[in-house]
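So the structure is just underneath, and the comments pick up after that.
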Amino acid sequence: MGCTVIRNAVVFTVDKNNTLHPNGVIVLRNDRIEAVGSAESIVLPADVTHTIDCQGQMAVIPGLIDVHSHSSLLRGVTENLQLLEWLPRYQLEHRALTEEDAYYAAILCYLEALKAGTTCVMDMYRYLYRCAEAAAVLGLRVNLVPYVADQPGKDFFETPETNLKLIQTHHESQNGRVRVWFGLEHLFYCSPAAFAKARDCANHYGVRIHTHSSEQREEVGAVIQHFGKRPIELFNEYGILGPDTAIAHCVWLNADEIKLLADTGTSVAHCPTSNAKLAGGIAPILEMQQVGITVGLGTDGPISNNSLDLFEAMKMASLLQKVSRYDAAALPAIDALRMATIEGAKLLGLDHEIGSLEAGKKANMVLLDLWQPNLMPIVWEDGDTNILWNLVYAAKGSNVHTVFVDGEMVIQAGRSTRVEESIILESVQRQTLALLKRRQAFKSTLIPVVSQ
């Protein structure tokens, strides 16, 4: 990869001080950041092989991190339903899914994510060895989480055994760009034995645990009625809470559950757009952050969000906190950006490698074209600028110009450097039509979330 210099850029490092370099320089060597700072402070190496001159018209931010997504070939096909009604229809995809479907779902979603500035995805899906292949084709960093379920009637998901095999064959593969977690679909889908196996295997192999909970008020009520306890209490009894566990959603938590997550160091993957679209509610993000819970940002995938654009998710996360509290200062832009970068990296246990632009870290970064109508004009007053606010409240994935993953330019001028996109999309369309035809056979036998 050699030595690349990015100069004349507005650099948002998202380091511990949120350092901003109005006329910044970043030096990349192979897969790492060698130096980052102001133009006056950086001495350029003599062996530069490539220079990107941003001419003051580009912003550079850390690569965005989607901490909860589900690849899918389906988008806009299961609409206007709340969670407990939506899930049985969503599961039709999994009942019909083949490994070839999974590969093309991953290719589609990973390409969309990369083009929108996401350099690392936590993907909870199936046939994840094929998803690892898709990540290798496109150059994306992925954390793979099998959809594990072992309760009767839910045998169309992954099993603890297939999850264990994936850990043994793929964890830390592709030069460390692929990590494997132990995945648990939900309390209604997994037996206590599955939770125990996840805990024991995670401890033995040094991997992490990911699951869903408390996404909808009615879901929490169903858990209480069925198990006699609240979801986070049950997770604690099952022994899966801790600094190596991340729970998606956590919209309907009470104060005791928030304290339990904080006391155990458990992280939360916040999916604001999906939670709004499925009418789940508004998660108590500020209360979590106030007690030290790490909260990252997720899209939840195309079937429940319709978009994998984390710029949209940043805006939604901030606005939902503001409107629910009638407080225009709630969750400001810098906090939303940190959730989509360094906080996401902390949730994944990768903050020593990614999530901020600092010397020694992996060169994962996004260059955004500021010279676009939705990001203009650019204003500087007394060293402050409107650019940050516009990145969170006005930017779109389509403003992304260049994306580096581990020092490699995988998106250039908004297009993949690795694949011919039109050929990929033609294949995706053919595969989707075949999936929809197979899916049709299951539509008359919807399986409820809670078994009778």
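Report, by residue number, each residue of the stretch 294-315 that is surrounded by fewer than 24 Cβ atoms within 10 Å (Cβ to Cβ) and β-branched (Val, Ile, Thr). Result: Ile303, single match. From the list Thr264, Thr341, the one residue that fits, being β-branched (Val, Ile, Thr) and crowded, with 18+ Cβ neighbours inside 10 Å, is Thr341.
Checked against (1) modelled with pLDDT under 95; (2) within 19 Å of Glu185 (Cα to Cα); (3) in a loop (DSSP other than H, G, I, E, B), Tyr90 passes all but a single condition, namely (3). Restrict the check to the stretch 94-106 and report whether at least one residue is surrounded by 24 or more Cβ atoms within 10 Å (Cβ to Cβ) and among the polar types (S, T, N, Q). Looking for residues that are surrounded by 24 or more Cβ atoms within 10 Å (Cβ to Cβ) and among the polar types (S, T, N, Q), one finds none in the stretch 94-106, hence no.
For the condition within 16 Å of Leu357 (Cβ to Cβ), without any contact (Cβ under 8 Å) to a residue 24 or more places away in the chain and not in a helix (DSSP H, G or I), Gly24 does not qualify. The single residue among Asp256, Asp335 that is out of contact with any Ser or Thr (no Cβ under 9 Å at 6 or more places or on another chain), farther than 26 Å from Val180 by Cβ and acidic (Asp, Glu) turns out to be Asp256. Looking only at the stretch 199-215, residues that are open to solvent by 50 Å² or more (accessible area, probe 1.4 Å) and small (Gly, Ala, Ser) come to 1 in all. Is at least one residue of the stretch 231-246 surrounded by 18 or more Cβ atoms within 10 Å (Cβ to Cβ) and within 21 Å of Leu308 (Cα to Cα)? Yes, some residue in the stretch 231-246 is surrounded by 18 or more Cβ atoms within 10 Å (Cβ to Cβ) and within 21 Å of Leu308 (Cα to Cα). Residue under question is Asn374, and the condition is that it be over 30 Å from Cys250 (Cβ atoms), of a type outside the set (Asp, Glu) and either in contact with a His (Cβ under 7 Å, 6 or more places away or on another chain) or in a helix (DSSP H, G or I) (or both); does it hold? Yes. For Asp123, state whether it is outside any helix (DSSP H, G or I), touching a helix residue (DSSP H, G or I) at 6+ places or on another chain (Cβ under 8 Å), surrounded by fewer than 24 Cβ atoms within 10 Å (Cβ to Cβ) and not aliphatic (A, V, I, L, M). For Asp123, the condition - outside any helix (DSSP H, G or I), touching a helix residue (DSSP H, G or I) at 6+ places or on another chain (Cβ under 8 Å), surrounded by fewer than 24 Cβ atoms within 10 Å (Cβ to Cβ) and not aliphatic (A, V, I, L, M) - is not met. Yes or no: the stretch 154-165 includes at least one residue that is under 16 Å from Leu350 (Cβ atoms), touching a helix residue (DSSP H, G or I) at 6+ places or on another chain (Cβ under 6 Å) and without any contact (Cβ under 8 Å) to a residue 60 or more places away in the chain. The answer is no, given that none of the residues of the stretch 154-165 is under 16 Å from Leu350 (Cβ atoms), touching a helix residue (DSSP H, G or I) at 6+ places or on another chain (Cβ under 6 Å) and without any contact (Cβ under 8 Å) to a residue 60 or more places away in the chain. Among the residues of the stretch 290-345, those identified as under 18 Å from Val400 (Cβ atoms) and outside any helix (DSSP H, G or I) are Leu297, Thr299, Ser307, Leu308, Asp309, Ala340, Thr341. Of the strands (runs of 3 or more DSSP E) lying entirely inside the stretch 34-84, those containing at least 2 residues that are farther than 24 Å from Gly344 by Cα and not β-branched (Val, Ile, Thr) span 50-53. The number of residues in the stretch 404-423 being assigned to a loop (DSSP other than H, G, I, E, B), touching a Lys or Arg at 6+ places or on another chain (Cβ under 9 Å) and under 14 Å from Glu112 (Cβ atoms) comes to 1. A Cβ distance below 6 Å, combined with a sequence gap of six or more or placement on separate chains, defines the contacts here; from the stretch 235-254, residues that are charged (D, E, K, R) reach residues that are open to solvent by 10 Å² or more (accessible area, probe 1.4 Å) and at pLDDT 95 or above in the pairs Asp244/Arg208. Within the stretch 1-18, can one find any residue that is within 18 Å of Val410 (Cβ to Cβ), without any contact (Cβ under 8 Å) to a residue 60 or more places away in the chain, open to solvent by less than 50 Å² (accessible area, probe 1.4 Å) and part of a loop (DSSP other than H, G, I, E, B)? Scanning the stretch 1-18 turns up at least one residue that is within 18 Å of Val410 (Cβ to Cβ), without any contact (Cβ under 8 Å) to a residue 60 or more places away in the chain, open to solvent by less than 50 Å² (accessible area, probe 1.4 Å) and part of a loop (DSSP other than H, G, I, E, B).
Note on the stretch 316-331: residues that are open to solvent by less than 40 Å² (accessible area, probe 1.4 Å) and either among the hydrophobic types (A, V, I, L, M, F, W, C) or in contact with a Ser or Thr (Cβ under 8 Å, 6 or more places away or on another chain) (or both) amount to 4. Among the residues of the stretch 168-198, those that are open to solvent by less than 10 Å² (accessible area, probe 1.4 Å) and among the aliphatic types (A, V, I, L, M) comprise Val178, Val180, Leu184, Leu187, Ala194, Ala198. Scanning the stretch 414-433 for residues that are open to solvent by less than 40 Å² (accessible area, probe 1.4 Å) and without any contact (Cβ under 8 Å) to a residue 40 or more places away in the chain yields a count of 0.
The values are calculated or read from the model by the stated rules, or taken from the named source; none is laboratory data. The structure presented is a predicted model; accordingly, all values stated were derived computationally and were not measured. Because the Cβ atoms are built from the backbone with ideal geometry, glycine has one as well, and the counts that use them run over all protein chains shown. Surface accessibility is based on the protein's heavy atoms, side chains included, excluding ligands, DNA and RNA. Shrake-Rupley method; radii C 1.70, N 1.55, O 1.52, S 1.80 Å.
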